[in-house]
Amino acid sequence: MGLRPHGVILRAFAGPCKARRTALLALMTYADRMREKLVAALAPTRLDIQDDSHRHHGHAGWKEGGETHFSLDIVSAAFAGKSRVERQRLVYAAVKEELTERVHALQIKALAPGE
């Protein structure tokens, strides 16, 4: 049984209405944005995203308001038979927009069910 997205809102705005989807993304936190995309791309059975930005205050990549450093624990059948690097690549592909815009660091623990 996979996790359900926070809101199926992003799917409602998928397709030709890119301007509305972009406006909606701007209202969401980066953690919520990543959660929506990871659920859609990898159908995880467990997903935990923590904003660790407060631990990096004043360090490289830190910005006022946080949402720059995250840790991610995810369990998905999509990771079965894949190496650690392949799993990380799947995660990075799902959240590439957030990594480009604001997220400076993403610590990933990606497991297949039963691991």
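Observations, loosely collected:
- Filter result for GLU97 (modelled with pLDDT under 85, within 12 Å of the chain's Cα centre (by Cα) and either in a loop (DSSP other than H, G, I, E, B) or surrounded by 12 or more Cβ atoms within 10 Å (Cβ to Cβ) (or both)): no
- Scanning segment 51-94 for residues that are on the phi > 0 side of the Ramachandran plot and surrounded by fewer than 12 Cβ atoms within 10 Å (Cβ to Cβ), we see that the one that is modelled with the highest pLDDT is GLY81.
- Residue pairs whose Cβ atoms lie under 6 Å apart, sitting 6 or more positions apart in sequence or on different chains, and linking a residue in segment 92-115 that is among the acidic types (Asp, Glu) to a partner that is surrounded by 16 or more Cβ atoms within 10 Å (Cβ to Cβ), are GLU98/TYR30; GLU98/ARG33; GLU98/MET34.
The values are calculated or read from the model by the stated rules, or taken from the named source; none is laboratory data. None of these values were measured; they are calculated from a predicted model. Backbone-built Cβ (ideal geometry, glycine too); neighbour counts: all protein chains shown.
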